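K.L.:
Just passing along the structure, written as structure tokens.
The values are calculated or read from the model by the stated rules, or taken from the named source; none is laboratory data. Please read these numbers as outputs of a predicted model, since none were measured by experiment. For neighbour counting, all protein chains shown are included, and Cβ atoms are generated from backbone atoms with ideal geometry for every residue, glycine included.
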């Protein structure tokens, strides 16, 4: 972290304001002054920061260098598919015909965009084996809600509205029960068997006349392909229910498994995961819904339809080419979003598919599964593997063995930050104690995976030899241990004039001194560069506690 001067990231922009300092100078007024309609509306005490343009640039550039991103680091966040996002996707999405289009333009003025959406519908239908597709939903859980509303509409249209129960495995995504409940269903949990599959006996018990369907994440959040899946679909259909598939983990199946062929009736896809559109920080996302023809009438609106060219149309005439229009399915569940979905995300996903082609799409799943299994095999002697079988796109470990020695999943994840790696997903899925969910994706090289493996193996040794080094991590990040409970219970989100908001300083009585760190470093493998200039750091260490941040 930079401290001091206008590149000091510990002070907010408002806290570096100097009266009279401006970032722009307006030219002299050369038109008649017009009085305001209501002078009382004019405020003079806006408390806006008075800073120069260079200060603003320095401040935000310094902040940007604190970011942790896919383009700068390995990001093995399980269940999130943090893969590389090809820059050609952004280039295409930025073309004026896509970036400057307005959703209220009439169809005849947006044929290119509508054709792209129509083609993307077909591609996603082919990939999933479910031909009826709507691109209107904006994220994964949004797609889940749409799918469950479609299942409800399907049963109601058949006079079978008494089906109110939805069974969900304990290995499903956490949003699944909420989506089913919001659609008006009663949720029943299905236990997993000893192999991590859906327990068929438990399914038999709930497969009655009130079963509306089952929601299944495939592969599951355990990172496993459910070997009972075909039988699960058969039992649900036999009971009159439908099978919903959470496609958030589709990266493991691309080009190899079509969910429709397994027996799924409706699924959603996370384009912002599987199809490489940037995500995190709140969006945007896209969660298209793909379904069987029997559910097509209930898709959320709108969908894009093609009108074939008129036979015998004159060359160059308006009717010579196919046309594309927005349509509303006859028994639609309605509109779930404004306009036509997150168009920029859809353009990026379309570009990704077209760039790779069928062989490239298939290679994604192969490499994603290979990378995850490589990590699993290299670490399972040190980290407990709850289900010791071949995984799919991600490996789920338990830190129970390390917890017994004093450092659990949270501490291991924070220590990884010192090694330059983003933490994996922690404590999820809930059925794995001290869970560490690691998803390398297909993007990473063997060299990166080997470095990550070495880091986790070193951390395991640190837990035994220098446990405080792990328990008090991270040591090299701009901020270390934040009071997460206080931040959740008493969030302070607003700056007020005269109020200082410095970043928290370490609690020295509870933090290792650099001398103690030096002793630990002699017997511990640490990231390259971590111990450089240690003597200098020791010579400059405060003797009587930390100095306050500037402005505090």
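K.L.:
From 156, 111, which residue is without any contact (Cβ under 8 Å) to a residue 40 or more places away in the chain and more than 14 Å from residue 286 (Cβ to Cβ)?
P.N.:
From the options 156, 111, the qualifying one is 156.
K.L.:
For the stretch 178-197, which positions are touching a residue at least 12 places away in the same chain (Cβ under 8 Å), in a helix (DSSP H, G or I) and surrounded by fewer than 18 Cβ atoms within 10 Å (Cβ to Cβ)?
P.N.:
178, 182
K.L.:
Looking at the stretch 318-350, which of the residues that are in contact with a strand residue (DSSP E or B) (Cβ under 7 Å, 6 or more places away or on another chain) and farther than 25 Å from residue 141 by Cβ is modelled with the lowest pLDDT?
P.N.:
This residue is 322.
K.L.:
Further question on the same structure: Of everything in the stretch 124-143, what is touching a strand residue (DSSP E or B) at 6+ places or on another chain (Cβ under 9 Å), under 18 Å from residue 253 (Cβ atoms) and modelled with pLDDT of 95 or more? Give them in sequence order.
P.N.:
Correct list: 124, 125, 127, 128, 129, 130, 131, 133, 143.
K.L.:
Among the residues of the stretch 258-275, which ones are touching a residue at least 40 places away in the same chain (Cβ under 8 Å), surrounded by fewer than 24 Cβ atoms within 10 Å (Cβ to Cβ) and in a loop (DSSP other than H, G, I, E, B)?
P.N.:
258
K.L.:
Among the residues in the stretch 86-105, are any in contact with a strand residue (DSSP E or B) (Cβ under 6 Å, 6 or more places away or on another chain) and either closer than 16 Å to residue 342 by Cα or surrounded by 13 or more Cβ atoms within 10 Å (Cβ to Cβ) (or both)? Can you show your working first?
P.N.:
Taking the stretch 86-105 and keeping what is in contact with a strand residue (DSSP E or B) (Cβ under 6 Å, 6 or more places away or on another chain), we get none.
Looking through the stretch 86-105, none of the residues is in contact with a strand residue (DSSP E or B) (Cβ under 6 Å, 6 or more places away or on another chain) and either closer than 16 Å to residue 342 by Cα or surrounded by 13 or more Cβ atoms within 10 Å (Cβ to Cβ) (or both).
K.L.:
Residue 133 passes all but one of (1) in a loop (DSSP other than H, G, I, E, B); (2) surrounded by 23 or more Cβ atoms within 10 Å (Cβ to Cβ); which number fails?
P.N.:
(1)
K.L.:
Quick one: which of 28, 62 is surrounded by 11 or more Cβ atoms within 10 Å (Cβ to Cβ) and at pLDDT 85 or above?
P.N.:
62
K.L.:
How many residues, within the stretch 435-481, are surrounded by fewer than 21 Cβ atoms within 10 Å (Cβ to Cβ) and on the phi > 0 side of the Ramachandran plot?
P.N.:
Residues meeting the conditions: 0.
K.L.:
What's the number of the condition residue 73 fails, among (1) free of Cβ contacts under 8 Å to residues at least 60 places away in the same chain; (2) farther than 30 Å from residue 323 by Cα?
P.N.:
Result: residue 73 passes all but (1).
K.L.:
I need a count of the residues in the stretch 326-380 that are assigned to a helix (DSSP H, G or I) and at positive phi.
P.N.:
Kept after step one, since they are assigned to a helix (DSSP H, G or I), are these residues of the stretch 326-380: 343-379.
Now narrow it down to the ones that are at positive phi: 357.
Going through the stretch 326-380 one residue at a time, the tally reaches 1.
K.L.:
Going residue by residue through the stretch 153-175, is there one that turns out to be at pLDDT 95 or above, surrounded by fewer than 22 Cβ atoms within 10 Å (Cβ to Cβ) and either touching a helix residue (DSSP H, G or I) at 6+ places or on another chain (Cβ under 6 Å) or not assigned by TED's automatic domain parsing to the domain that holds residue 259 (or both)?
P.N.:
The answer is yes; a qualifying residue exists.
K.L.:
Answer yes or no as to whether residue 146 is in contact (Cβ under 8 Å) with a residue 24 or more places away in the chain, buried (at least 23 other Cβ atoms within 10 Å of the Cβ), part of a loop (DSSP other than H, G, I, E, B) and assigned by TED's automatic domain parsing to the domain that holds residue 334.
P.N.:
no
Yes or no, residue by residue, for (1) under 20 Å from residue 478 (Cβ atoms); (2) in contact with a strand residue (DSSP E or B) (Cβ under 9 Å, 6 or more places away or on another chain); (3) surrounded by 10 or more Cβ atoms within 10 Å (Cβ to Cβ):
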{"position": "13", "(1), (2), (3)": "yes, no, yes"}
{"position": "35", "(1), (2), (3)": "no, no, no"}
{"position": "44", "(1), (2), (3)": "no, no, no"}
{"position": "50", "(1), (2), (3)": "no, no, yes"}
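K.L.:
Given 211, 222, which one is surrounded by 15 or more Cβ atoms within 10 Å (Cβ to Cβ), over 15 Å from residue 244 (Cα atoms) and at pLDDT 95 or above?
P.N.:
222
K.L.:
Determine, yes or no, whether residue 242 is over 23 Å from residue 157 (Cβ atoms), crowded, with 21+ Cβ neighbours inside 10 Å and at pLDDT 95 or above.
P.N.:
Answer is no for this residue.
So that you can scan it fast, the table gives a plain yes or no per residue for (1) under 21 Å from residue 107 (Cα atoms); (2) surrounded by fewer than 17 Cβ atoms within 10 Å (Cβ to Cβ); (3) modelled with pLDDT of 95 or more; (4) touching a strand residue (DSSP E or B) at 6+ places or on another chain (Cβ under 6 Å):
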| residue | (1), (2), (3), (4) |
| --- | --- |
| 301 | yes, no, yes, yes |
| 316 | yes, yes, no, no |
| 378 | no, no, yes, no |
| 390 | no, yes, yes, no |
| 396 | no, no, yes, yes |
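K.L.:
Looking at 147, 112, which one is out of contact with any helix residue (DSSP H, G or I) (no Cβ under 7 Å at 6 or more places or on another chain) and at pLDDT 95 or above? Full working, then the answer.
P.N.:
Working: 112 fails: out of contact with any helix residue (DSSP H, G or I) (no Cβ under 7 Å at 6 or more places or on another chain).
Being out of contact with any helix residue (DSSP H, G or I) (no Cβ under 7 Å at 6 or more places or on another chain) and at pLDDT 95 or above holds for just one of 147, 112, which is 147.
K.L.:
Here is a follow-up. Evaluate the following for residue 172: is it in a loop (DSSP other than H, G, I, E, B) and closer than 26 Å to residue 385 by Cα?
P.N.:
Spelling it out, residue 172 is indeed in a loop (DSSP other than H, G, I, E, B) and closer than 26 Å to residue 385 by Cα.
K.L.:
Something else about it: Test residue 344 against the stated conditions and say whether it is under 30 Å from residue 123 (Cβ atoms) and either out of contact with any helix residue (DSSP H, G or I) (no Cβ under 6 Å at 6 or more places or on another chain) or in contact (Cβ under 8 Å) with a residue 60 or more places away in the chain (or both).
P.N.:
Working: under 30 Å from residue 123 (Cβ atoms): yes; either out of contact with any helix residue (DSSP H, G or I) (no Cβ under 6 Å at 6 or more places or on another chain) or in contact (Cβ under 8 Å) with a residue 60 or more places away in the chain (or both): yes.
Yes.
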